[in-house]
Amino acid sequence: MSDQDAITPRVFLMRHGETEWAKSGRFTGTTDIELTEDGIKQVSSAGVRFVGVSNLINPRRLGKVFVSPRKRAVQTLELLLPQEGVVQGQYEVTATEEIAEWNYGRYEGLKEEEIRSSRKEKGLDLDREWNIWRDGCEGGESKDAITERLDKLISRIKDFQRPYMGGEKPVDVLIIKVAHGLILRCFCLRWIGFDIDYDVSIMFSPGAVATLSYKNGDADRPALHIGPPSK
């Protein structure tokens, strides 16, 4: 890793630990569900592996934390980060709907096969399979609505980090969100300027962390970051 890469601000995306709905493949958007025992273990293990002065997420470099207001995301945050950092004003924590999972409307709590079956019973998708990007969710958010709210958050983050591309102060950002990881996939694509329905597969396991940054320390060149943690 170059010296510039080591000091360039980063954005860490973390998916919450396992829930019963996520485990069973149910679409989980606005419903408030807590972590399972395995979910708690996943996050605690992730904290040991990823969080620390010499680890990927260094609390001393964090400037802001954005968390979905859902219980499972807040619970993940409390397990992951030392709360003394918040108390001492080391980083600011903001609960925001901007990073909440897709609002699935009438499809909330359903499995994908149940959604497709229900739509066919209504005479929809008779010659094709349901696709959330093309067909959306009845009573839920549209692709354009998702794009708009993610772009607002990305703009806030870039405005916060832009003055400190040289590492002048701690401005790393941690984002913790909920459910299937669909919003995290969308966030990654919008970060690098792609439409959220761009045909690329991105997988987020429970407790997983993805890293975004800027190429060559240039605030106008957002990038996916793949590499070891800075020391």
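Residue-wise test of (1) at pLDDT below 85; (2) among the acidic types (Asp, Glu); (3) more than 16 Å from the chain's Cα centre (by Cα).
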position: 3; (1), (2), (3): yes, yes, yes
position: 8; (1), (2), (3): no, no, yes
position: 12; (1), (2), (3): no, no, no
position: 15; (1), (2), (3): yes, no, no
position: 20; (1), (2), (3): no, yes, yes
position: 26; (1), (2), (3): no, no, yes
position: 31; (1), (2), (3): no, no, yes
position: 36; (1), (2), (3): no, no, yes
position: 39; (1), (2), (3): no, no, yes
Notebook entry, point to check: Which members of segment 168-203 meet the condition of being buried (at least 17 other Cβ atoms within 10 Å of the Cβ), within 18 Å of residue 57 (Cα to Cα) and over 12 Å from the mean Cα position of the chain (by Cα)?
Noted result: 171, 172
Notebook entry, point to check: So is residue 136 buried (at least 17 other Cβ atoms within 10 Å of the Cβ), at positive phi and not aromatic (Phe, Trp, Tyr) or not?
Noted result: yes
Notebook entry, point to check: Restricting attention to segment 20-46, which residues are of a type in the set (S, T, N, Q) and farther than 19 Å from residue 140 by Cβ?
Noted result: 24, 36, 42, 44, 45
Note to self: So in segment 17-42, with the set limited to residues that are free of Cβ contacts under 8 Å to residues at least 60 places away in the same chain and of a type outside the set (Val, Ile, Thr), which one is surrounded by the fewest Cβ atoms within 10 Å (Cβ to Cβ)?
What the structure shows: 37
Notebook entry, point to check: Any idea which of (1) surrounded by 13 or more Cβ atoms within 10 Å (Cβ to Cβ); (2) free of Cβ contacts under 8 Å to residues at least 60 places away in the same chain is the one residue 155 doesn't satisfy?
Noted result: (1)
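Each row is one residue, and each column tells you yes or no for (1) under 22 Å from residue 77 (Cα atoms); (2) among the polar types (S, T, N, Q); (3) out of contact with any helix residue (DSSP H, G or I) (no Cβ under 9 Å at 6 or more places or on another chain).
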position	(1), (2), (3)
138	no, no, no
144	no, no, yes
160	yes, no, yes
165	no, no, no
173	yes, no, no
177	yes, no, no
187	yes, no, no
200	no, no, no
Notebook entry, point to check: What are the residues in segment 88-104 that are free of Cβ contacts under 8 Å to residues at least 40 places away in the same chain and either of a type in the set (Val, Ile, Thr) or within 21 Å of residue 122 (Cα to Cα) (or both), if any?
Noted result: 93, 94
Checklist line | Close pairs (8 angstrom Cβ cut-off, 6 or more residues apart or separate chains): under 15 Å from residue 173 (Cβ atoms) in segment 43-60, in a loop (DSSP other than H, G, I, E, B) and among the aliphatic types (A, V, I, L, M) anywhere | finding: 50/56; 51/81; 59/53; 59/81; 60/53
Next item on the list: Would you check if residue 192 is touching a helix residue (DSSP H, G or I) at 6+ places or on another chain (Cβ under 7 Å) and over 16 Å from residue 98 (Cβ atoms)?
Entry: no
Checklist line | Tally, over segment 202-219, of residues that are touching a helix residue (DSSP H, G or I) at 6+ places or on another chain (Cβ under 9 Å) and in a loop (DSSP other than H, G, I, E, B) | finding: 8
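The values are calculated or read from the model by the stated rules, or taken from the named source; none is laboratory data. Quick caveat: nothing in here was measured; it's all calculated off a predicted structure. Virtual Cβ from ideal backbone geometry, glycine too; neighbours counted across all protein chains shown.
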